[in-house]
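The values are calculated or read from the model by the stated rules, or taken from the named source; none is laboratory data. These numbers were taken from a predicted model, which means no experiment stands behind them. Here the Cβ positions follow ideal geometry from the backbone for every residue, glycine too, while neighbour counts run over all protein chains shown. Accessible surface areas use protein heavy atoms only, side chains included; no ligands, DNA or RNA. Shrake-Rupley method; radii C 1.70, N 1.55, O 1.52, S 1.80 Å.
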Amino acid sequence: MSVTDLHSLALGIASKNSSGEIIEVYYPKPLLNPSTTCAEQMLAQCQDISDNGFIETSPDAMRSLASALAEAMKLSRAKLRRRLPEVQRLR
Amino acid sequence: MITVLRENSPPSSIPEAFLKLHLLSHRLTVPHELNLDGIFGILKNLAWTSQGPVDLDDLPKRQLQARVNGETFEVYSVDKFPKMTSYVVPTSVRIADTARIRLGAYIGEGTTVMHEGFVNFNAGTEGAAMIEGRISAGVMVGENSDLGGGKQHHGNSFRRRHRNYQCG
């Protein structure tokens with residue numbers, strides 16, 4: 001299994017209690033079996049997670065990760081579009 | 001926060017447990033596919049309020065604070081699971097009373113859940129269905145089923161499935 005083979009991942013917003021413990025998390029767009037591109041971007045931010053787990057990040061770091069992810073997905077879609085005529089020729 | 005699951009092992013933290021519940025309610029995975037062993041022990045019993053989730057130890061202070069500030073502070077439920085629609089509203093469903101569906105329920109496209117209908121986490125409907133009774137954890141009701149009022153399906157077998165079930 002490759003290091004980028006993930007079961008799932010998500011960016012979320014957590015609520016904490018007065019002791020600073022996480023009590024709940026909202027994930028607006030969780031991903032199941034994310035693409036390698038997504039996984040690479042995400043894992044670059046959280047190398048400390050070797051197994052299942054989570055890290056807390058600042059809103060700024062989240063924003064930059066979100067735009068890096070959007071950019072990576074755009075590139076990945078463009079790559080797919082470039083390959084489309086090739087695939088159509090093969091059919 | 002960023003949550004990563006490399007494998008489908010039992011949840012070991014609140015963020016992992018909530019991610020699995022979200023995956024179900026977003027219809028990214030179906031009931032029985034995720035390992036939810038021990039989830040009750042992981043989740044905290046919380047007050048789900050008009051100002052968000054509140055730890056029960058913090059509740060009296062928050063209630064007092066709200067009164068002092070002249071704010072409304074409603075406790076909707078005290079439970080380990082929140083209602084699904086506070087997190088996810090799946091497409092093409094009707095839900096008469098949102099408090100009756102827990103986060104982690106899988107509500108298939110075209111399903112109507114009437115006022116007395118109830119759907120637990122890790123349970124749901126495969127497609128269009130009319131739900132007026134209870135669907136307990138572990139039960140998946142098949143497409144075009146009609147679960148009538150006062151009826152229930154509970155998951156003493158966590159792999160029970162009902163296809164085209166009509167029960168009135």
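Working only within region B:28-43, note down all residues that are within 7 Å of another protein chain (Cβ to nearest Cβ) and not β-branched (Val, Ile, Thr).
Matches in region B:28-43: B:Leu28 only.
Residues being more than 10 Å from the chain's Cα centre (by Cα), open to solvent by less than 80 Å² (accessible area, probe 1.4 Å) and within 11 Å of chain B (Cβ to nearest Cβ): count how many of those fall in region A:47-73.
Final tally of qualifying residues: 10.
Count, please, the residues in region B:1-27 that happen to be within 7 Å of chain A (Cβ to nearest Cβ) and surrounded by 17 or more Cβ atoms within 10 Å (Cβ to Cβ). Please lay out each step first, then the result.
First, pick out the residues of region B:1-27 that are within 7 Å of chain A (Cβ to nearest Cβ): B:1-9, B:12-16, B:18-19, B:22-23, B:26.
From what's left, surrounded by 17 or more Cβ atoms within 10 Å (Cβ to Cβ): B:1-6, B:14-16, B:18-19, B:22-23, B:26.
Summing the residues that are within 7 Å of chain A (Cβ to nearest Cβ) and surrounded by 17 or more Cβ atoms within 10 Å (Cβ to Cβ) in region B:1-27 gives 14.
Inside region A:1-25, can you point out the residues that are of a type in the set (Ser, Thr, Tyr) and surrounded by fewer than 18 Cβ atoms within 10 Å (Cβ to Cβ)? Steps first, answer last, please.
Within region A:1-25, the subset of a type in the set (Ser, Thr, Tyr) is A:2, A:4, A:8, A:15, A:18-19.
Correct list: A:Ser2, A:Thr4, A:Ser15, A:Ser18, A:Ser19.
Considering only region B:69-87, state which residues are surrounded by fewer than 21 Cβ atoms within 10 Å (Cβ to Cβ) and aliphatic (A, V, I, L, M).
If the condition is that a residue be surrounded by fewer than 21 Cβ atoms within 10 Å (Cβ to Cβ) and aliphatic (A, V, I, L, M), then B:Val75, B:Val78 are the ones that fit.
What about B:Lys44, is it part of a helix (DSSP H, G or I) and among the basic types (Lys, Arg)? It would help to see each step written out before you state the result.
Working: part of a helix (DSSP H, G or I): no; among the basic types (Lys, Arg): yes.
When the stated conditions are applied, B:Lys44 does not pass them.
Hey, any hits in region B:58-76 for a residue that's outside any loop (DSSP other than H, G, I, E, B) and within 24 Å of B:Gly117 (Cβ to Cβ)?
The first filter runs over region B:58-76 and keeps only residues outside any loop (DSSP other than H, G, I, E, B), leaving B:59-68, B:75-76.
Next cut, within 24 Å of B:Gly117 (Cβ to Cβ) only: B:75-76.
There is at least one residue in region B:58-76 that is outside any loop (DSSP other than H, G, I, E, B) and within 24 Å of B:Gly117 (Cβ to Cβ).
Taking region A:26-36 only, how many residues are touching a Leu at 6+ places or on another chain (Cβ under 9 Å), more than 7 Å from chain B (Cβ to nearest Cβ) and either open to solvent by less than 20 Å² (accessible area, probe 1.4 Å) or closer than 16 Å to A:Ala66 by Cα (or both)?
Here is the first cut: in region A:26-36, the ones touching a Leu at 6+ places or on another chain (Cβ under 9 Å) are A:27-34.
Adding the requirement that they be more than 7 Å from chain B (Cβ to nearest Cβ) leaves A:28-29, A:31, A:33-34.
Still in the running and either open to solvent by less than 20 Å² (accessible area, probe 1.4 Å) or closer than 16 Å to A:Ala66 by Cα (or both): A:28-29, A:31, A:34.
Total meeting the criteria: 4.
Is there any pair linking a residue in region B:37-61 that is open to solvent by less than 40 Å² (accessible area, probe 1.4 Å) to one that is among the basic types (Lys, Arg), with Cβ under 6 Å and at least six apart or on different chains, and which?
B:Leu43/B:Lys80; B:Val54/B:Arg62
Going through region B:56-81 one residue at a time, which ones are in contact with a helix residue (DSSP H, G or I) (Cβ under 9 Å, 6 or more places away or on another chain) and within 12 Å of chain A (Cβ to nearest Cβ)?
Answer for region B:56-81, where residues must be in contact with a helix residue (DSSP H, G or I) (Cβ under 9 Å, 6 or more places away or on another chain) and within 12 Å of chain A (Cβ to nearest Cβ): B:Lys80, B:Phe81.
Given the residues A:Ala39, A:Ala44, which is the only one that is buried (at least 19 other Cβ atoms within 10 Å of the Cβ) and more than 7 Å from every other protein chain (Cβ to nearest Cβ)?
Working: A:Ala44 fails: buried (at least 19 other Cβ atoms within 10 Å of the Cβ).
A:Ala39 is the lone residue from the list that is buried (at least 19 other Cβ atoms within 10 Å of the Cβ) and more than 7 Å from every other protein chain (Cβ to nearest Cβ).
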